[in-house]
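Enquirer: Below you'll find the structure I mean.
The values are calculated or read from the model by the stated rules, or taken from the named source; none is laboratory data. On a predicted model such as this, the values are computed, not experimentally measured, just so you know. Every residue, glycine among them, receives a Cβ derived from its backbone with ideal geometry; neighbour counts consider all protein chains shown. Calculation scope for accessible area: heavy atoms of the full protein, side chains included, ligands and nucleic acids excluded. Shrake-Rupley method; radii C 1.70, N 1.55, O 1.52, S 1.80 Å.
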Amino acid sequence: MRNSTRAIAGLLMAGAMLGGPALAAEHEVRMLDRGEAGMMVFEPSLLRIAPGDSLRFRASNPGHNAESIPAMAPEGAPLFKGRMNEEITVTFDRPGIYGIQCKPHYGMGMVGLVVVGEGEAARANLEQARAASHPTRARERFQRMFQGLGD
Ligand SMILES: [Cu+2]
């Protein structure tokens, strides 16, 4: 057990040093009636991930779904749409900015922002994503998330 753990750590380190595709990570996002940021939230709501990583949306509370905001997706990126209470896993292969919404609570600001990749590739659709229009609560939360990007 200890040896295999060490072997996996070694592989991860080798991948990181080569700058090549390391093992893709899966990040958990909870869909909550109440979180640290208030009512009806994805938690975390702002994620920076690597191309090829996945998000798994956990139905921590019932009555939510996760789906794309079409105006906030890189050119040519596939859109996704989970059903109510569905724990979907979405893989993000294409660098760029992605907006996520819970359809029934979009108007209450239940949105998330995912940045895939780094540098220019990740920012290719930044202005377009920033310019997307939303209901007031969603717009306010997105503004804070974009500020959180720090660039
Ligand atoms: Cu919701």
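Enquirer: Given the condition surrounded by fewer than 20 Cβ atoms within 10 Å (Cβ to Cβ) and within 14 Å of the chain's Cα centre (by Cα), answer yes or no: does some residue in the stretch 95-114 qualify? Spell out how you get there, then give the answer.
Expert: First, the residues of the stretch 95-114 that are surrounded by fewer than 20 Cβ atoms within 10 Å (Cβ to Cβ): 103-104, 106-108.
Applying the additional criterion that residues be within 14 Å of the chain's Cα centre (by Cα) yields none.
No: the stretch 95-114 contains no residue that is surrounded by fewer than 20 Cβ atoms within 10 Å (Cβ to Cβ) and within 14 Å of the chain's Cα centre (by Cα).
Enquirer: Suppose we filter the stretch 115-134 for residues that are farther than 12 Å from residue 73 by Cα, open to solvent by less than 70 Å² (accessible area, probe 1.4 Å) and more than 16 Å from the ligand (Cβ to nearest atom); how many remain?
Expert: 3
Enquirer: Looking at (1) in contact (Cβ under 8 Å) with a residue 40 or more places away in the chain; (2) more than 16 Å from the ligand (Cβ to nearest atom); (3) within 22 Å of residue 39 (Cβ to Cβ); (4) open to solvent by 20 Å² or more (accessible area, probe 1.4 Å), which is the only condition residue 89 fails?
Expert: Here residue 89 clears every test but (3).
Enquirer: Still on this structure, please answer the following. Only one residue in 73, 66, 25 is surrounded by 18 or more Cβ atoms within 10 Å (Cβ to Cβ), more than 12 Å from the ligand (Cβ to nearest atom) and at pLDDT 95 or above, so which one is that?
Expert: After applying the criteria, what remains is 73.
Enquirer: Also, quick follow-up: Give 58, 48, 34 a once-over and let me know the one that is open to solvent by 50 Å² or more (accessible area, probe 1.4 Å), within 25 Å of residue 150 (Cα to Cα), at pLDDT 95 or above and of a type outside the set (A, V, I, L, M). Before the answer, list the steps.
Expert: Numbers: 58 fails: within 25 Å of residue 150 (Cα to Cα); 34 fails: within 25 Å of residue 150 (Cα to Cα).
Among 58, 48, 34, only 48 is open to solvent by 50 Å² or more (accessible area, probe 1.4 Å), within 25 Å of residue 150 (Cα to Cα), at pLDDT 95 or above and of a type outside the set (A, V, I, L, M).
Enquirer: Return the pair list, or none, for Cβ contacts closer than 9 Å from residues in the stretch 50-70 that are of a type in the set (Ser, Thr, Tyr) to residues that are open to solvent by less than 50 Å² (accessible area, probe 1.4 Å) and in a loop (DSSP other than H, G, I, E, B), at least 6 apart or on different chains.
Expert: 54/25; 54/92; 68/77; 68/80
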